[in-house]
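Engineer: The structure under discussion is supplied below as C-alpha cells; questions concerning it will follow.
The values are calculated or read from the model by the stated rules, or taken from the named source; none is laboratory data. Computed from a prediction, not measured in an experiment: that's the story for all the values here. Don't worry about glycine lacking a Cβ; one is built from the backbone with ideal geometry, like all the others, and counts go over all protein chains shown. With ligands, DNA and RNA removed, areas are computed over all heavy atoms of the protein, side chains included. Shrake-Rupley method; radii C 1.70, N 1.55, O 1.52, S 1.80 Å.
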Amino acid sequence: MGVKCPQCGAENSDTSQFCSDCGTRLFSQKNIDVTKTAETPKKELTTGSTFANRYQIIEELGEGGMGRVYKAVDTKIKEKVALKLIKPEIAADKKTLERFGNELRIARKIVHKNVGRMYDINEQEGTHYISMEYVSGQNLKDFIRQSGQMGMGTAILIIKQICKGLSEAHKLGVVHRDLKPSNIMIDRDGSIRIMDFGIARSLKEKGITGAGVMIGTPEYMSPEQVEGRGVDQRSDIYSLGIIMYEMLTGQVPFEGETPFSIGIKHKSETPRDPGELNSQIPKDLGQVILKCLEKDPEKRYQSAGELRSELENIEKGIPTTEREIPKRKPLTSREITVTFGVKKLFIPALIVIAAIIIGIALWQFLPQKQAPLAPKIENSIAVISFENLTGDPQYDSLIKAVPSLFITKFEAMEFSYVVTLERLQDILKQMGRDPYRPIDTDTGFEVCRREGIEAMVVGKITKAGEVFVTDIKVLDVKTKNSLTSASSQGQGEDSIVLSQIDELSRRIAEDLGGSLSAKGVPAVSEITTSSLEAYEYYLKGNEADGKQHFAEAQKHFLKAVDIDPSFVMARLGVAHSYYQQGNVKARDEAMEKVKVYADRANPKEKLYIQAWNARYMEGDIEKTARIMKEITAKYPKEKEAHSWLGLYNRTRDHDEAIRYFQKVLELDPYKLGYLGEISVVYLRKGDFEKALEYANRYAAAAPNDPVPLGDFLAEIHLRMGHSDQAIEKCKKALSFKPDFSYALANIINACGLKEDYKEALEWTEEKIKRSSIPLNKADGYLLNAFYEYWTGAFHKVYEDAENARKLGEDIQSRVAPYWSFLLEGFAHLGEGDYTLARESFDRYGDFVIKV
C-alpha cells in the first residue's frame with residue numbers, strides 16, 4: 001500500500017517516512033504494530049482478470065512510488081511473478097522510460113539465489129509495466145518490528161546472505177543504492193532475497209543519473225549519497241551497517257524530522273555504540289557495525305566479502321541453536337501482525353490463569369514430593385497453624401486470621417525471613433496438599449525444612465465464658481524442641497485477640513534474643529485494622545483474588561473498607577480488583593484513598609504501595625522497577641515483584657525477563673501462566689521453536705484452560721503465519737470461555753491474515769457483543785473500525801472510533817482515545833480530507849504525549 005503525501009499529494013511507498021517529492025514528514029505508522037495501514041487504492045486490475053494476454057492476476061500486493069504491484073501467474077511459463085504497473089504520469093516521460101530500461105538491463109545481469117530477479121519492461125494498451133520474480137514471504141522490516149532486538153545468530157545468518165547477494169551484484173559493477181529492510185525478503189525457507197535493484201546504477205555507465213541527484217531512503221543513506229557524490233559498493237556496506245544496527249537494537253542510529261536533518265547526522269554525528277542499546281551484542285560484533293558506519297568510505301569494509309568473512313569469525317562463538325532463521329508459512333501481502341488489542345494495551349500486565357485441573361500431564365512439569373531440603377535461614381520464622389478449641393464453629397475464622405496477623409506483625413519486626421501465607425500455600429501445593437486446609441505439626445515441620453526455616457509457630461485458641469485464651473509455642477525445626485511458649489488472655493474477641501498478638505510477639509522476640517526486638521514496631525491494629533471482622537473479609541478477598549475471582553474479591557475488600565475505612569491493605573485490594581477487571585477510573589480513585597492511609601502498613605506493604613503509586617498515579621515505570629527490585633532484594637520470595645520485573649523486561653532484556661519468570665515458577669510451579677510468559681519472550685527473540693515448546697507445556701498442564709490456547713499458542717501461530725492453526729486454537733479456547741478477549745482478538749487477526757475481512761468483521765461484532773468489561777468492548781469497536789478502514793468503508797470508521805473513545809473516557813482510559821483518533825485520521829486521509837486528518841492526528845499526538 002502506498003502513502004499519499006498530505007502536503008503535495010504525491011504517492012510514496014508504505015515504508016517511507018518522508019515524501020519523495022516535497023520532503024514532508026509522512027504520518028508515522030511505527031507506533032501501531034500493523035504491517036500496512038495506508039489507504040487502500042482502487043484496483044486497476046481485478047483478481048482473476050488477465051493482463052497483457054499472459055498474466056492472470058491473483059491479488060494486489062501494494063503500491064510504491066512507481067505504481068501498483070500485483071501478484072500474478074505468468075501463463076506462458078506457468079510461474080508466479082510480480083508485476084509493477086508504472087503510473088501514467090511517470091510513463092509519459094520518455095526519458096524516464098528509457099532510464100528504467102537501462103536500469104533493468106543492468107539489474108538483469110544479477111543472477112544469484114540471494115537476489116530477486118528482474119525480468120522485463122513492456123507496454124500493454126498504453127500501460128507500461130515491469131515483470132520480476134515473486135518472492136513469497138515477509139520483508140525484513142516487518143520481521144524486525146516483530147522481533148524487536150533480534151538474536152545474534154539469526155542476525156548474522158541474515159547479513160551473511162545479504163553479503164553474498166551484494167558480492168555478486170558488486171562483481172558485475174552494480175550498486176543497489178537503496179538498500180533497506182523493506183527491500184529484503186525472507187522467503188518461506190528462511191532464505192534471504194535482496195529486492196528492487198530497479199534503481200541500481202552501473203559503476204561503468206555514465207549519464208544515467210544527473211549531477212547532485214540524491215537517490216535512497218534518508219535513514220539508510222551513506223554520507224556520500226547525502227552529498228549527491230559518486231557512490232560505489234562501500235555505500236551499500238554503510239547501508240548494511242545501518243540494517244545490522246536496527247536488527248540488533250530495534251532502532252536506526254540516526255532519526256530526525258526531515259530528510260535534511262537525518263542527512264546532516266549521517267555526515268557529522270558519530271553513531272551511539274549499539275552495545276549500549278543491547279547489552280547482549282558482543283563487543284567484536286559492535287565494532288564490525290561501527291566500522292561499516294565510518295564516514296570515510298576508505299575506513300569501511302571495502303567489500304561485502306570482507307564483511308562476510310569477519311562475521312563468520314564472530315559466528316563461531318555463537319551457540320548453534322541461535323543460528324537459525326525461522327521458516328514460515330507465506331504471509332499475505334497485507335499481514336496484520338498484532339491487534340490494537342486490549343490484549344497488550346489495556347488488560348493488566350499480571351497473567352490471567354484459569355482454575356488449574358491437576359491431571360497426569362501436570363506431573364511432568366512439577367517437582368516430586370521428595371524435594372531437597374533448603375539451607376537454613378538465620379532468624380527465620382513460619383506461622384504454621386492454630387487450632388480452634390473454643391467448641392464453637394463461629395470462631396473457625398480465627399484460625400486463618402490469627403496466623404496471618406502474626407505474619408504481618410513479624411514482618412514489621414527484624415526477622416530476616418517470614419514465610420507469608422501465600423508462600424506457605426505454594427509449598428503445600430508442591431507437596432500435593434490442599435493449600436486452604438489446616439495442617440498438622442508434622443506437615444509443618446516438613447514445610448519448614450523445605451524452606452530452610454529455623455523456628456515454627458503453632459498455637460491454639462480457647463474460650464471460657466467471655467474470656468479468650470491464646471497459647472503459642474515456638475519450636476526449633478531442626479530438633480523439634482520448644483524454643484519458647486507464651487499465653488495471653490482477656491475479654492472481647494476483637495481487642496483481646498489483637499492485643500494478644502502484640503504481647504505474644506514481644507515475648508517471642510525477647511525469648512529468641514539476638515537482634516530481634518518488638519520495640520518501636522507499631523501495634524498490629526495500627527498496620528492492619530482494629531476490627532477482626534474487617535480482617536476476615538480482607539482474607540476472603542485475598543483468597544478470591546488468588547483464585548482469579550476478581551469480582552468476588554472486590555466485594556469482600558469493599559466490605560472490609562466499609563467496616564474500617566482506614567484499613568489500607570483492604571483499600572489496596574479494592575484497587576487491585578478494579579485493576580484486574582480493567583476499570584482504570586475506579587482503580588485510580590481507589591489508589592487516591594490508598595495514598596491517604598499509606599502509613600498504615602508494614603514495611604513490605606509500604607513498598608508495594610509506593611510501586612503501585614509510581615506506576616499508575618505518577619506514570620513512572622523506571623521508578624516502579626527500582627522499587628520492585630528493592631522488594632526482591634529484601635524479600636526474595638515475593639512472586640508478585642518477580643512477576644512484575646519479568647513483564648517489565650520483556651521489551652528490555654529478554655534473558656532477564658526469562659530469569660524472573662523462571663524464578664516465579666521456581667517459587668510456585670503451579671503458576672502455569674508463566675510458562676506462557678516465557679513463550680512470549682522467546683517469541684520476541686524470534687525463537688519460534690522455544691516459544692511453541694513453553695506454550696505447549698502450558699496447554700498440556702492445563703487442558704481445559706482457554707489461556708494457553710487462545711492467547712499464547714494462537715499468537716505464536718499468528719506470528720508464524722499459521723492463520724488456520726491460530727483460528728483452531730481460538731475456537732477451542734472460546735468453547736471453554738466464550739467471552740475470552742484474547743481469543744476473540746486473535747481470531748479476528750487470523751481472519752485478517754487470511755484476508756477474509758468479512759469474517760474478521762463478523763468476529764469484531766461478536767467481540768463487542770460478548771465483552772462485559774468496558775475496555776474489552778472498546779477494543780472490539782477499535783478492531784471493527786480498523787477493518788472498516790482496511791476495506792475502504794471510511795465513513796463507518798468514525799462511529800466505531802467514537803464508541804471506543806466514549807468507553808475509554810468513561811473509565812478514564814487514555815489508550816482507547818489514543819487509537820480512535822489515529823484511526824479517524826487515516827479514515828480522513830482515505831477520503832482525501834487532509835484538514836480533518838491533520839486535526840485527528842494532532843489530537844492523537846496529544847494523547848501520545850500523555851500516554
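Engineer: List the residues, sorted by chain then number, that are 5 or more residues from ILE184 or on another chain and whose placed amide H is less than 5 Å from its amide H.
Structural biologist: The answer is LEU140, LYS141, MET195.
Engineer: Pull up the cross-link candidates among the aspartates and glutamates for LYS171, meaning alpha carbon to alpha carbon under 14 Å and not fewer than 8 places away within one chain.
Structural biologist: ASP232, ASP236, GLU306
Engineer: Would you mind getting the accessible area per residue of the range 382-475, heavy atoms of the protein chains only, 1.4 Å probe, in Å²?
Structural biologist: Result: 37 Å² of accessible area for each residue.
Engineer: In addition: Hand me the trypsin sites (Lys or Arg not before Pro) from the range 382-471 located in a DSSP loop with no more than 16 other Cβ atoms within 10 Å, in residue order please.
Structural biologist: When the trypsin sites (Lys or Arg not before Pro) of the range 382-471 are filtered for loop state and at most 16 Cβ neighbours within 10 Å, ARG433 remain.
Engineer: I would also like to ask the following. Just the number please: accessible area per residue for the range 561-647, 1.4 Å probe, all protein chains included, in Å². Could the numbers behind the result be given before it?
Structural biologist: Numbers: 3470 Å² over 87 residues.
Per residue, the range 561-647 has 40 Å² of solvent-accessible surface.
Engineer: What's the carbon and sulfur percent of the range 398-492's accessible surface, probe 1.4 angstrom, rounded to a whole number?
Structural biologist: Values: 1710 of 3850 Å².
Carbon plus sulfur share of accessible area: 44 percent.
Engineer: I'd like the distance separating the alpha-carbon centroids of the range 379-407 and the range 668-747, in whole Å.
Structural biologist: 40 Å
Engineer: Tell me the per residue accessible area of the range 254-314 using a 1.4 Å probe; a whole number in Å² is fine. Let's see the in-between values first.
Structural biologist: Working: 3190 Å² over 61 residues.
Here the residues of the range 254-314 average 52 Å² of exposed surface.
Engineer: A 27 angstrom limit on the alpha carbon distance is what I want to check against. Which of LYS180/LYS291; LYS585/LYS729; LYS473/LYS663; LYS671/LYS758; LYS87/LYS164; LYS141/LYS690 exceed it?
Structural biologist: LYS585/LYS729; LYS473/LYS663; LYS671/LYS758; LYS87/LYS164
Engineer: What pairs from LYS113/LYS267; LYS78/LYS160; LYS519/LYS595 go past 30 Å between their alpha carbons?
Structural biologist: Details: LYS113/LYS267 34 Å; LYS78/LYS160 32 Å; LYS519/LYS595 26 Å.
Violating the 30 Å Cα-Cα cut-off are LYS113/LYS267; LYS78/LYS160.
Engineer: I'd like the accessible area for HIS128: 1.4 Å probe, protein heavy atoms, all chains in place, Å² to the nearest 10.
Structural biologist: So the heavy atoms of HIS128 present about 30 Å² to solvent.
Engineer: Rounded to a whole number, what % of the accessible area of the range 581-632 do carbon and sulfur atoms account for, probe 1.4 Å?
Structural biologist: Ligands and nucleic acids excluded, carbon and sulfur give 44 percent.
Engineer: Still on this model: Among all the lysines, which ones have a C-alpha under 18 Å from LYS540's C-alpha, if same-chain residues fewer than 8 places away are not counted?
Structural biologist: Partners found: LYS400, LYS555, LYS559.
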